[in-house]
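Trainee: Quick one: the structure is below, and I'll ask about it shortly.
Derivation of every value follows stated rules applied to the coordinates shown; laboratory data play no part. Just so it is clear, the model here is predicted, and its values are computed rather than measured. Don't worry about glycine lacking a Cβ; one is built from the backbone with ideal geometry, like all the others, and counts go over all protein chains shown.
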Amino acid sequence: MTTKSPAGPRTLFQKIWDDHVIERAEDGTCLIYIDRHLVHEVTSPQAFEGLRMAGRRVRRTDATLAVVDHNVPTINRNKGIAEADSRLQVETLEKNCKEFGVTLFNMKDKRQGIVHVVGPEQGMTQPGMTIVCGDSHTSTHGAFGALAFGIGTSEVEHVLATQTLIQKPAKNMLIMIEGQTGPGVTAKDMMLAVIGKIGTAGGTGHVIEFAGSAVRALSMEGRMTMCNMSIEAGARAGLVAPDEITFNYIKGRPMAPAEAHWDTAVAYWRTLPSDPGATYDTVVSLAAEDIAPLVTWGTSPQDVLPITAKVPNPADEKDAAKRAAMERALEYMGLTPGESLEDVRIDKVFIGSCTNARIEDLRAAASIIKGRKIASHVQAMIVPGSGLVKEQAEQEGLDKIFLDAGFEWRDAGCSMCLGMNSDRLKPGERCASTSNRNFEGRQGRGGRTHLLSPAMAAAAAITGKLTDVRKMQ
Amino acid sequence: MKAFTKLKAVAAPLPLINVDTDMIIPKQFLTTIERTGLGKNLFNDIRYRDDGQERPDFVLNRSPYRTSEILVAGENFGCGSSREHAPWALLDFGIRCVIAASFADIFYNNCFKNGILPVILPHTQVDVLMKSAEAGKMIEVDLSTQTLSDGVNIFTFEIGEFRKLCLINGLDDIGLTLEKEKAITAHEQSLMADKPWILKSA
């Protein structure tokens, strides 16, 4: 039984993988150890029920953290959850956590928030770890150089029971972004540019490592935004090599390595970056200078263009299946080929989600909004990623900037990213959204989503239409 | 989990690319705490009108596709959210096999946990089967020989050995993993020695 990759230079992904293989079968299928498991209310009830039926326990309650996020209201929280089925799901998680001994951040806990904001914020997410959650945006945690990916409920049950998963190693893709980004260009634009280039299936079967000077220059928040949307590029996981920015972010957080182990941990983390000469299955390069502030026009995250562009014409697409998808998307979005994206009028603005609801995102939005008012026909809301993000923003006075401009200042949760609570678009409503998916019906049946950065969303709120943020800086 | 061996059934053609799991089962049905009962909501927003009436043009609302057990779809099927409610909804409707040129990774994996066989074929072969499905022909799948036939053409497909074994025997992989208790404990002991911070945080 071999448990190591071939000797020689290894990538970050290969190093983490090798360190977690417990057993490797003939066909390459591995049993890998899972260091951290995040749990939320939507994808866990059936998993806990499975444990109960089989008389199994949670193997490592100390490596498991549960949080309510998808269903929770972001307003009038003291009144509880109005929808009976959402309430039942949240109560079921509370009951399960109590029964199985899992720590839960419930709705009243100020540490509560979106699972992928909470994990890093608590210092639970660390380099070199394997981290899973029944949620595709678990890829977010890869920003720390952790192998983190989303799993289904059956696998949630498998991890709860065994602290392992049965997996085959993925292929490895390197995405290099060199250079310096221009004004108004954020991590969100960099990632939308990647998705636009490789497509939503471009990363299928791969783990993506993001590298290059433009990635190195990003804060942890920016790296999380990029890794978060790896799944929109088809990759289960994204990775950024850990460095001083990573270590500084983790140090002192509640679940960070204990003081006595800190130096040993950092010494190990420093061994993780890919070795010189390590090879990848696929390499993609982008120049940071070529990336403009971007916005999506269609119903797939790959339908992305610079804000200065015009709505594309399906007649120019040669592939029949793609042409049909474009026609369908434009009809759904209510857009006409040739129309300037900057002329597209919006109804709502949503600044939130596991992609863009961290403190830096709120600061970026506030910097555009400060001293301005939102357009009279627009309803705009800010949904911080966690109670702690909200608290920090209030300490910095950001809430006042948002409220003065006419924004709603909500409590933490997934909210209108997927509209499982009552924060939804109505049919035909058009939303400038900092979230991650513009699928048909994603934010509400018939709702139309344009994905963009927090600064771009803020600009759209002010003018009432999709807007080039560079004109407002 | 129900074992998958052979299946001969009506196949529904769904020639859309990038069908996401939001489309397969929209968010309003994710509040369930059960695995069953989602079949009636499968493809809800494209299957029903706003007033709840069936859209007559949607494939699963037409004869003979109401009883389909196979789905032939465009590339990158099952992209987006990791929700296992997507395969649960397919299974609850009666779909046991999905054929496409490619699948999103998490959805592909989730299928195997629910006795659904996802079959990856080259575009040209999917196109052939799409036409057969549109003509209402039955498609026959044999997992043991890894073959698939519409009565005229026979295609072979690839599948991982371990996944095939679990599917054919309907194995519960948690049970299999728990037999490796010693190896898992040994890994944890080595962590305690080499990387104690992973086992014990501050």
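Trainee: For chain A, calculate the relative contact order in percent as a whole number, restricting contacts to Cα pairs under 8 Å that are 6 or more residues apart.
Mentor: Contact order relative to length: 17 percent.
Trainee: Going by how many other beta carbons lie within 10 Å of each one, how would you line up B:VAL59, A:VAL469, B:VAL128, fewest first?
Mentor: Sorted ascending by nearby Cβ count, the order is B:VAL128, B:VAL59, A:VAL469.
Trainee: Shifting gears a bit: Going down the list B:LYS164/B:LYS195; A:LYS348/A:LYS370; A:LYS197/A:LYS370; A:LYS197/B:LYS195; A:LYS310/B:LYS40; A:LYS348/A:LYS471, which pairs span over 30 Å between their C-alpha atoms?
Mentor: In this structure, B:LYS164/B:LYS195; A:LYS197/A:LYS370; A:LYS197/B:LYS195; A:LYS310/B:LYS40 exceed 30 Å between Cα atoms.
Trainee: Then there is this: Let me know the mean shielding of B:189-199 by other chains, meaning the per-residue number of their Cβ atoms within 10 Å of its Cβ.
Mentor: 5
Trainee: For segment A:323-464, give the magnitude of the charge dipole about the Cα centre (Cβ charges: +1 Lys/Arg, -1 Asp/Glu; no others), in debye to the nearest 20.
Mentor: Around 240 debye, computed over segment A:323-464.
Trainee: Using unit Cβ charges (K, R positive; D, E negative) and no other charged atoms, how large, in debye to the nearest 20, is the dipole of the protein assembly as shown about its Cα centre?
Mentor: Approximately 800 debye in magnitude.
Trainee: Treating the Cα atoms of segment B:6-171 as identical point scatterers in vacuum, please give the log10 of the normalised Debye intensity I(q)/I(0) at q = 0.11, 0.17 Å⁻¹, two decimals.
Mentor: -0.40, -1.01
Trainee: Taking square-rooted eigenvalues a ≥ b ≥ c of the alpha carbon gyration tensor, is segment A:108-154 rounded, prolate or oblate, where a/c under 1.5 means rounded and, failing that, a/b exceeding b/c means prolate?
Mentor: Because a/c hits 1.5 or more and a/b fails to exceed b/c, segment A:108-154 counts as oblate.
Trainee: Quick check on the exposure proxy: order A:ILE208, B:ILE24 from fewest to most C-beta atoms within 10 angstrom.
Mentor: B:ILE24, A:ILE208
Trainee: Please work out whether segment B:5-58 counts as rounded, prolate or oblate from its C-alpha gyration tensor, where a ≥ b ≥ c are the square roots of the eigenvalues and a/c under 1.5 means rounded, while otherwise a/b larger than b/c means prolate and anything else oblate?
Mentor: Here segment B:5-58 falls in the oblate category.
Trainee: If you bin the C-alpha pair distances of segment B:110-185 every 5 Å from 0, what whole percents do you get?
Mentor: With a bin width of 5 Å, the distribution comes to 3, 13, 22, 18, 15, 12, 6, 5, 4, 3, 1, 0.
Trainee: Tell me, what is the percent relative contact order of segment A:402-473, built from C-alpha pairs under 8 Å that lie six or more residues apart?
Mentor: Dividing the mean separation by the residue count of segment A:402-473 yields 22 percent.
Trainee: When DSSP assigns beta bridges and you keep just the ones with both residues in the protein assembly as shown, what percent turn out antiparallel, to the nearest 5?
Mentor: Antiparallel bridges: around 30 percent, rounded to the nearest 5.
Trainee: May I ask you to derive the FRET efficiency for A:LYS171 and A:ASP404 from their Cβ-Cβ distance with R0 = 35 Å, giving the value to the nearest 0.05?
Mentor: 0.10
Trainee: Of A:LEU286, A:HIS141, A:HIS377, which is farthest on the positive side of the dipole of chain A, counting Cα position, with +1 on Lys and Arg Cβ, -1 on Asp and Glu Cβ, and the Cα centre as origin?
Mentor: It is A:HIS377, whose Cα lies furthest towards the positive end.
Trainee: I've got another one for you. Would you kindly state the longest site-free stretch of chain B, with sites defined as GluC sites (Glu not before Pro) in a DSSP loop (not H, G, I, E, B) surrounded by at most 13 other Cβ atoms within 10 Å?
Mentor: B:35-157
Trainee: Another one. Averaged over its residues, how many other protein chain Cβ atoms are within 10 Å of peptide A:406-416's Cβ atoms?
Mentor: That works out to 0 on average.
Trainee: Sticking with this one: For the residues A:ARG60, B:ARG55, what sequence is obtained by ranking on other C-beta atoms within 10 Å, fewest first?
Mentor: So the residues, fewest neighbours to most, are B:ARG55, A:ARG60.
Trainee: Label points 7 Å out from Cα along the Cβ direction at A:ARG77 and A:GLU99: separation in nm?
Mentor: In this crude spin-label approximation the distance works out to 2.6 nm.
Trainee: If you don't mind, another one. Across peptide B:172-182, what mean number of C-beta atoms from other chains lies inside 10 Å of a residue's C-beta?
Mentor: Whole-number average of other-chain Cβ neighbours for B:172-182 is 5.
Trainee: While we're on this one: Along the charge dipole of the protein assembly as shown, Cβ charges K/R +1 and D/E -1, which of A:THR225, A:MET107, A:PRO301 sits furthest on the positive end?
Mentor: The one lying farthest along the dipole's positive direction is A:MET107.
Trainee: Which three lengths, in whole Å and largest first, does the protein assembly as shown cover when its Cα atoms are put on their principal axes?
Mentor: 69, 62, 54
Trainee: List the equivalent ellipsoid semi-axes of segment A:294-471 in whole Å, largest first, each obtained as the square root of 5λ for an eigenvalue λ of the Cα gyration tensor.
Mentor: For segment A:294-471, the ellipsoid semi-axes come out as 29, 17, 13 Å.
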